[in-house]
Structure formats: C-alpha cells, structure tokens
Amino acid sequence: MSGSPTEKIIISGFGGQGTLLAGKLLCVAAMRQGRKVTHIPSYGAEMRGGTANCSVVISDEDIASPVIEHPSVVIALNEPSVTKFEPRLKPGGLLIWNSSLVKTPPSREDLQLVDVAATDMSLEEGTERAANMAAVGVLLALKPDLVSYEAVEEALDEVISARNLKHNPVNRKIMRKGFDSVSADSAVATKA
C-alpha cells in the first residue's frame, strides 16, 4: 500500500447504523498494513437513533491533525448526513450515499457520487444493522489503494465485540455485496 494517497474520510449516519464501528474497522485494517491512522468518533446525546459520525485519516505520512475540514471521502448513511457533509467535501471527492434512506440525492457536480442501497442490502440478509458493511464494501471497491479488502475482513474479528462475533458471517456477506455492486466504470465515472 506504500505510496497510497492520504484519505480524509467522514462516515456519518444515525446512531445504531455502525458509523463508528466502520471507522474503527478501517483504521485497524490500515494499521495492520503499516499505514498511519487517526479516528475521532462523535455522537449526539442519544447513541441509538441520534446522529453519529467519525473522522478517519489514513496515510503513509505522519498525520499532522485528525481534524477534517474538507474530507476526500464521505459515507452518508442517512439524509441529514448528506445535507451536512456534501458541502464540505473537497472538489473531486467521493460521496457514497445510502439510497435506501436518502430521498433527496446529492447534487454537486464536482464530486464522484455513488449511491448504494445499503439498508436494503442489509435487510436482504435479515438485519437492518449492517448497512455500514455494504458501504464499506463499496468504499473498498472504489478506493483499492486505501486498504486491502482481506485486511478489513480479518479486522472484523478484532473490532466486533465478543458477544457479536456470531454476526460476522453476515457482516462479511453484506460487505462483499457492497463490494461486488460496484461496476468497473464506477471507479472512474461520476454517477448521479
């Protein structure tokens, strides 16, 4: 992964959608591959149902600040997240949005916009709580230099709590669905 660009990522959604977990998962996998990382979680007064987001920086260089003003990537799992973070994305940035819940699509024309029916993919496997895994799969397909898919799969067993390890087969299946949903042209073309 050496020589990969620094990525400043914000993952945002309702509490309970696994936004903080997704950020931690990416960080643990990237650290295992020798990259430098920062992870700052942020959530409202209520965890489940409130708003939650995390800032993740992954780099081969020392990271001067974990604070992200203009992210290069945003994963928005709900409508308020699109509203809040779309304007902050740097021009040319990647916005992955959950079309299962976001009814007003992002509109900036200077971004790579990729919709994923993340909640629907999760529900197809019998849970509504793994939309984050579908979105992470899409991110890994679109940004193959970020961290390897295999490293993220392996990191699941470290990041998921012992009582929830039984859900990892489904987590892996949904992450693979997200990954496989990206067509070859999505990695280079802007979708709206």
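The values are calculated or read from the model by the stated rules, or taken from the named source; none is laboratory data. Values in this document were obtained by computation on a predicted structure and should not be read as measured data. Using ideal geometry, Cβ is built from the backbone for each residue, glycine included, and neighbour counts are taken over all protein chains shown.
Quick notes on this one:
- Any chance Gly126 is among the small types (Gly, Ala, Ser) and modelled with pLDDT of 95 or more: no
- Per-region count, the range 64-82, residues touching a strand residue (DSSP E or B) at 6+ places or on another chain (Cβ under 6 Å) and surrounded by 14 or more Cβ atoms within 10 Å (Cβ to Cβ): 11
- All of (1) in contact with a Ser or Thr (Cβ under 9 Å, 6 or more places away or on another chain); (2) at pLDDT below 95 hold for His39 with one exception: (2).
- Some residue of the range 89-110 being hydroxyl-bearing (Ser, Thr, Tyr) and under 16 Å from Phe179 (Cβ atoms): no
- The single residue among Leu165, Leu142 that is touching a residue at least 12 places away in the same chain (Cβ under 8 Å) and either touching a Pro at 6+ places or on another chain (Cβ under 8 Å) or not charged (D, E, K, R) (or both) turns out to be Leu142.
- Restricting Gly23, Gly34 to those that are buried (at least 22 other Cβ atoms within 10 Å of the Cβ) and either farther than 21 Å from Leu101 by Cβ or at pLDDT 95 or above (or both) reduces the list to Gly23.
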